[in-house]
Amino acid sequence: MAVVEQEQKRAGRPRDPEIRKRVLLAAQRVYARSGFSGFTFEAVAREAAVGKPAIYRRWASTKALMDDVLSSHVLVPDSSSHGDITRVLRAIAMSTLRLTHSEEGAFILRVSSERGLHPELFDQYFDRLRSVIHFQNRSLVVEAVNRGELAEHCNPDLLIQTITGAILVSTLMGFTSAPEENQDAAARYCDDLIRQILTGVASDPPPGASMP
């Protein structure tokens, strides 16, 4: 009887939420390093320092685990900067630079490279990223246009993509340092980038480049 009661207590023991957090973080790291080909329960268990049974009890497959990682990985943009458009764009640039040098950034890059292989998993993830990050940043640009800080012909989507695209390429090519490693250099880079974008570089715009 005592053995039965002990087994019942063990079966009814609530799952440790910390294990789930550790596994999700480990899964993100494993996938960022190895892609789906190396995304196994064994690899995730080693990274999380947990037994495989702890993972099997919570997820039926690696796709179910990845879906859980994606669902918990919605990023929130840095909305701490308000005011003139130069300050706002500089904050967007710095936030993007931090992201590209982070574990989350490595994860997003890996997802981007394998998106076509698993659209059923990754398409919704990018929809969430666009709605949370891009469209909020876009709304800040639209507000600046409405205030008269930017020209009426300014394309908010292209402006945001120019900033984020430049930072992504700069990070991939090793032209920039992580803000955590050299805050001053990161700030100078973001300042120069935004200044270049806002002032333009053509001394004599080519035919057809002028806006109505």
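Is any residue of the stretch 144-175 close enough, with backbone N under 20 Å, to a label point placed 7 angstrom from the Cα of R87 along the Cα-Cβ axis, and if so, which?
Hits in the stretch 144-175 for R87 at 20 Å: 144-151.
Got a sec to turn the phi values of the stretch 134-148 into Karplus ³J(HN,Hα) couplings, 6.51 cos²θ - 1.76 cosθ + 1.60 with θ = phi - 60°, whole Hz, x for Gly and Pro?
Residue by residue, the stretch 134-148 yields 4, 6, 6, 4, 4, 5, 5, 5, 4, 4, 5, 5, 5, 7, x Hz.
Only residues of the stretch 100-127 count here: report those whose backbone N is under 20 Å from the spot 7 Å along Cα→Cβ of A178, or say none.
100-112
Throughout, read-outs are computed from the coordinates displayed, never taken from laboratory work. Predicted model, so just to flag it, every value in this text is computed and none were measured. No Cβ is skipped: glycine too gets one built from the backbone with ideal geometry, and neighbour counts run over all protein chains shown.
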